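Worksheet: the structure to be examined is printed underneath.
The numbers here are math on the coordinates, done by the rules we state, and not lab data. Just so it is clear, the structure is predicted and the values come from calculations on it, not from any experiment. Positions of Cβ are backbone-derived with ideal geometry, glycine not excepted, and every protein chain shown enters the neighbour counts.
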Amino acid sequence: MDVDPSYDVDDVPQLPPKVEELAQASVPSSMKGLRACMRCGIVKTFEQFIEQGCENCAILELEGNSERCNQCTTAFFEGQVAVADPQDSWTAKWLRVDRFLPGVYAISITGQFSKDVEGELDSRGMHWRCKPAEDQSK
Ligand SMILES: [Zn+2]
């Protein structure tokens with residue numbers, strides 16, 4: 001049997017050709033990492049929220065705080081819209097993100113802030129975009 005000299009036979013048992021399976025597995029795991037800020041709805045990965053916080057919501061103090069990131073961002077959101085120029089975009093106005101920075105925004109966000117955070121936002125006259133799950137069907 002002819003063997004290509006550059007072909008390392010020892011590697012063969014370690015390379016199961018399950019490329020298809022691997023490719024399918026990588027999609028849900030990367031989707032799973034995406035979360036939306038519950039106040040402004042910007043969509044980023046959990047890691048990005050921890051590293052950078054939310055650029056629109058410094059008040060939430062997400063940066064470097066995984067517990068706050070868990071409380072104030074959610075994986076339960078629907079739709080994504082890239083907003084390049086929020087002040088000049090009807091989509092941004094419709095989503096009520098026209099005062100926020102350019103980015104990818106969720107169309108609807110399911111979640112509820114804790115009473116503490118709600119009170120803090122309320123006292124500053126800040127609105128938030130997430131809605132509790134039971135309100136979504138109304
Ligand atoms: Zn935000």
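Candidates in segment 35-86 are the residues that are part of a helix (DSSP H, G or I) and touching a residue at least 40 places away in the same chain (Cβ under 8 Å); of these, the one that is nearest to the chain's Cα centre (by Cα) is 72.
Please find, within segment 40-65, the residue that is farthest from residue 127 (Cα to Cα) out of those that are small (Gly, Ala, Ser) and more than 8 Å from the ligand (Cβ to nearest atom).
Once the filter is applied, the top-ranked residue is 64.
Against the list (1) closer than 18 Å to residue 53 by Cβ; (2) in contact with a strand residue (DSSP E or B) (Cβ under 7 Å, 6 or more places away or on another chain); (3) not in a loop (DSSP other than H, G, I, E, B), the condition residue 120 fails is (2). Take the conditions (1) in contact with a Gly (Cβ under 9 Å, 6 or more places away or on another chain); (2) assigned to a helix (DSSP H, G or I); residue 93 misses just one of them, which is (1).
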